[in-house]
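Let me begin by presenting the structure, written as structure tokens, before commenting on it.
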Amino acid sequence: MISRERVLTAIDLGTPDRVPLDIWATGEVWKKLQAYFGTDDNATIQERLHIDGFAGCAPEYIGPPVPEYEDGTVEDFWGMRRKPMQYDTGIYMEQYYYPLAYAKTVADLDEYRWPSPDWFDFSTIRRQCEERRDKAIFAGYTAPFYYFNMLRGLEQSLVDLAADPELSHAIIGGICDFFYGYAERLFEAAGGLIDVSQLTDDFGTQTDLMISEAMFDEYFDAQYRRFARLMQDHRVRIFHHDDGAMWKLIPRMIDIGVNVLNPIQYKCGDLDLAWLKDTYGDRLCFHGGVDNQEIVPFGTVDDVVAETRRCLETLGRGGGYILAPCHNIQAVTPVENIVAMYETAYNEGVY
């Protein structure tokens, strides 16, 4: 199989020739891999690691100019501002400005300039897709809760859901109206060539959900179903990324129509991988799973090999699995551990 066939077979819960592989990693990790393999071509590195992955496409931004700053601050078209922060483990872009933090009432939202799908040129989307048909095409991103957090600030957004339903619904509705219009134009421009799109959020913490199941039903269920219908109408498979212990929402995600669940941070909430596969493996493709909190960054090569085998034997059993780290590989990770993960998966993940 070529990578496209292998990945889509797994997403459709079939059994490909081998378990497909994917990678998420920080910029520092890519630099370490470049030094290890002696090339600055990341495509060559992915080939050396046997990574199938996805190919992306995106429209060109042609909207109002965004401000530029001399201190490294980056502002996006939502008005969110981030600046680079140096930690022992690497540099991360940390958000410090939340453009809707000022709002007290729905009327206050009139001061905010909501982004528009008109700010993007979708005319090259089909060509971009046609040029990468060796890979499964992954395009589009919708994250209502996450963007609510980033527009209001995490703490205030959580308070809002409990204390101000009217304002919460108004902001979440504005976010979703933009994402829906953007996705609609993206899928139409692609003419059926987009295979997978994200309908995603971060509802999980290290131990449980960040919000209650009742709050999900109140604020996000109808919006998720609206997007799921759009994606299904365009024959686009639904990829749901959700950090942490989000396990209580899995039945809802299945009912909504999610096809792929990522990143399977099973150490959050002490989830049993065999139980996950037995319970939901006939309805969900799993993406990720290899522990990236303890084993990949801090374990030995033998630990990583054993962890990779465990994921292959549980999540990979009978197909429906794409092996990857359970989030971005971090800068502290030894290159030898990364190579061991992918070599083991490639050599032993054969059906």
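Can you say whether R252 is of a type in the set (K, R), surrounded by fewer than 19 Cβ atoms within 10 Å (Cβ to Cβ), closer than 19 Å to D195 by Cα and touching a helix residue (DSSP H, G or I) at 6+ places or on another chain (Cβ under 8 Å), as far as the supplied structure shows? Spelling it out, it is not the case that R252 is of a type in the set (K, R), surrounded by fewer than 19 Cβ atoms within 10 Å (Cβ to Cβ), closer than 19 Å to D195 by Cα and touching a helix residue (DSSP H, G or I) at 6+ places or on another chain (Cβ under 8 Å). As a summary of the residue check, A10 satisfies the conditions (1) part of a loop (DSSP other than H, G, I, E, B); (2) closer than 23 Å to I194 by Cα except for the one numbered (1). When restricted to residues that are in contact (Cβ under 8 Å) with a residue 12 or more places away in the chain and either more than 19 Å from the chain's Cα centre (by Cα) or part of a loop (DSSP other than H, G, I, E, B) (or both), the stretch 13-31 contains 13. Picking from residues in the stretch 32-91 that are outside any loop (DSSP other than H, G, I, E, B) and small (G, A, S), the one that is nearest to N328 (Cα to Cα) is G90. One residue stands out among those in the stretch 254-295 that are under 18 Å from the mean Cα position of the chain (by Cα) and among the aliphatic types (A, V, I, L, M): the one that is nearest to T205 (Cα to Cα), which is I264. For the stretch 215-227, name all the residues that are crowded, with 20+ Cβ neighbours inside 10 Å and over 13 Å from D202 (Cα atoms). Of everything in the stretch 215-227, those that are crowded, with 20+ Cβ neighbours inside 10 Å and over 13 Å from D202 (Cα atoms) turn out to be Y219, Q223, Y224, F227. Take the residues in the stretch 179-224 that are out of contact with any Leu (no Cβ under 9 Å at 6 or more places or on another chain) and assigned to a strand (DSSP E or B), then tell me which one is farthest from Y61 (Cα to Cα). Among those residues, the one meeting the criterion is L199.
Quickly run through the stretch 144-186 and pick out the residues that are touching a Pro at 6+ places or on another chain (Cβ under 6 Å) and among the charged types (D, E, K, R). Within the stretch 144-186, R185 is the sole residue that qualifies. Set side by side, the residues T344, T279 differ, and just one is polar (S, T, N, Q) and closer than 30 Å to A35 by Cβ, which is T344.
Checked against the criterion of being under 30 Å from A10 (Cα atoms) and either modelled with pLDDT of 95 or more or part of a loop (DSSP other than H, G, I, E, B) (or both), the stretch 96-103 has no qualifying residue.
Those strands (runs of 3 or more DSSP E) of the stretch 237-351 in which at least 3 residues are in contact (Cβ under 8 Å) with a residue 24 or more places away in the chain and either of a type in the set (K, R) or closer than 20 Å to Q46 by Cα (or both), considering only elements entirely within it, cover 285-290, 321-325. Within the stretch 123-161, the residues that satisfy the criterion of being in a loop (DSSP other than H, G, I, E, B) and among the acidic types (D, E) are E131, D134.
The values are calculated or read from the model by the stated rules, or taken from the named source; none is laboratory data. Note that the structure is a prediction, hence the values are computed from the model and not measured. Cβ: placed from backbone, ideal geometry, glycine included. Neighbour counts: every protein chain shown.
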